[in-house]
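Q: Handing you this structure, nothing more for now.
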Ligand SMILES: Cc1cc2nc3c(=O)[nH]c(=O)nc-3n(C[C@H](O)[C@H](O)[C@H](O)COP(=O)(O)OP(=O)(O)OC[C@H]3O[C@@H](n4cnc5c(N)ncnc54)[C@H](O)[C@@H]3O)c2cc1C
């Protein structure tokens, strides 16, 4: 059976980002890499968006970038600026194409559909397939989004809507998210933060239709793309193994309070590329303990007080946008953390500490 120096299990966002990072830094000139990916073909299946707080390799896959955003709760809206950290939206179709075209050039890189096709005995493994045990206590961010094309110009393409809580909450946390790509095209997403044990929340198509028709007042439109997903707001199980590192969602790269993962995956890939010559002995890369601690408290508050969350998010964004963005993107300093913390309702956060 064929042997490889490195194996990447899962050629999705994390697997391909790592392979690309290794390839462009010439780490695969004298090393072999197998990528295990079962999907029959690569096509657009996700939209990865984030505030660009650090450089990454995929500016040319950005579908649209914004310098302004808004947040709504019933009867109130805040408009915020993010010109220092533009919000970028990456088209996964362009991302897959760019990376696969690059990887094809190197004969040391091979793709397989199943791990059983190769020997794993002497390889170093990067695994992006999470080990998730269903547990009714775990929180998820689950969502469905459609890209629509309207007959008439409707959207203000200069400003995206991060969260619109002016919608049914059904004793949970629910908001809409709208990314206007142009005056007549936008991604409209219904997003829930919940334990996913209430199937009635999954009437996504109806929620989206009602929002577009009733709330936005758009009657004449067509759906040109759809995506659906669920991001675990807990860390997948991690067993320490000598010749294996978990990456992506499996590797704990999701910021649990927000679901943002893409940019953490990029930073992890750069870290692994820097460590690659000594990978077996490298220290594990993780989202800093400070954010793990703060997110844990935040999710406990969310779990106990879903009805307070729209107000809590709204208050958080009353801090200067640069501060909140850095906080939500793991780049804040102590003073910036404090600025956010003082905006939070003290009592329920203190209570959550002892729950
Ligand atoms: C629809 C959607 C939208 C998202 N939007 C954002 C966003 O806007 N911003 C953000 O920061 N994050 C976002 N996320 C979260 C996160 O960035 C993505 O989930 C990201 O794709 C995670 O990368 P990954 O490599 O861990 O997982 P994936 O990209 O899912 O890659 C895992 C790969 O493993 C393959 N695989 C599955 N089973 C096996 C197996 N047995 N053997 C080998 N391979 C296997 C899959 O086919 C897949 O290609 C989103 C997630 C989803 C689902």
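Nothing in this text is a laboratory measurement; each read-out follows from the coordinates by a stated rule. Source: prediction; values computed, not measured. Every residue, glycine among them, receives a Cβ derived from its backbone with ideal geometry; neighbour counts consider all protein chains shown.
Q: Sort 1, 309, 253 by Cβ crowding within 10 Å, fewest neighbours at the top.
A: With the fewest neighbours first, 1, 309, 253 line up as 1, 309, 253.
Q: With all pairs of different alpha carbon atoms counted, what Kirkwood hydrodynamic radius in Å does segment 1-71 show? Write down the numbers at each step before the final one.
A: On the way: mean 1/r = 0.0673 Å⁻¹.
Answer for segment 1-71: a Kirkwood hydrodynamic radius of 14.9 Å.
Q: If you count the DSSP beta bridges with both ends in the chain, what percent of them are antiparallel, to the nearest 5?
A: Of those bridges, close to 70 percent are antiparallel.
Q: Kirkwood hydrodynamic radius for segment 233-352: how many Å is it when counted over pairs of different Cα atoms?
A: 15.8 Å
Q: Moving on. Averaged over every viewing direction, what's the projected area of the C-alpha convex hull for segment 37-129? Give it in nm², one decimal, please. Walk me through the numbers before you get to the answer.
A: Values: hull surface 37.2 nm².
So the mean shadow area of the Cα hull is 9.3 nm².
Q: At 222 nm, what value in deg cm²/dmol follows for the chain if DSSP H runs of at least 4 each add -39500 (n - 2.57) and the sum is divided by all its residues, to the nearest 500?
A: The helix contribution divided over the chain gives -8000 deg cm²/dmol.
Q: If you fit an axis through the alpha-carbon atoms of helix 92-104 and take the longest principal axis of the Cα set of the chain, what angle between them do you get, 0 to 90°, nearest 10?
A: Compared with the principal axis, the helix lies near 10 degrees.
Q: Going by how many other beta carbons lie within 10 Å of each one, how would you line up 146, 54, fewest first?
A: Ordered by Cβ neighbours within 10 Å, fewest first: 54, 146.
Q: Also, quick follow-up: Treat each spin label as a single point 7 Å out from the Cα along the C-beta direction, and report the residue 293 to residue 115 distance in nm.
A: 3.5 nm
Q: Once the Cα atoms of segment 289-353 are picked out, what are the Rg and Dmax in Å?
A: Using the Cα atoms of segment 289-353, the pair Rg, Dmax is 11.2, 30 Å.
Q: I'd like the orientation of helix 13-24 relative to the chain: the angle between its Cα long axis and the longest Cα principal axis, in ° from 0 to 90, rounded to 10.
A: Computed tilt is about 50 degrees.
Q: Note the full-extension length gain between residue 198 and residue 166 as 0.36 nm times their separation in residues minus their Cα-Cα distance, in nm to one decimal.
A: Taking residue 198 through residue 166 to full extension adds about 9.5 nm, to one decimal.
Q: Can you give the alpha-carbon Rg of segment 140-232 over 2.2 N^0.38 Å, where N counts its residues?
A: 1.05
Q: Using a 10 Å cut-off on Cβ atoms, rank the peptides 263-269, 118-124, 346-352, 19-25 from the highest mean neighbour count down.
A: For the peptides 263-269, 118-124, 346-352, 19-25, the packing ranking is 263-269, 19-25, 118-124, 346-352.
Q: Principal axis lengths of the chain from Cα atoms, whole Å, largest first?
A: Projected onto its principal axes, the Cα set of the chain covers 63, 53, 40 Å.
Q: Hey, another quick one. What are the equivalent ellipsoid semi-axes of segment 242-311, built from the alpha-carbon gyration tensor (square roots of five times its eigenvalues), in whole angstrom, biggest first?
A: The equivalent ellipsoid of segment 242-311 has semi-axes of 31, 11, 9 Å.
Q: Pairing the Cα long axis of helix 262-275 with the longest principal axis of the chain, what angle in degrees results, from 0 to 90 and rounded to the nearest 10?
A: Orientation of helix 262-275: about 30 degrees from the principal axis.
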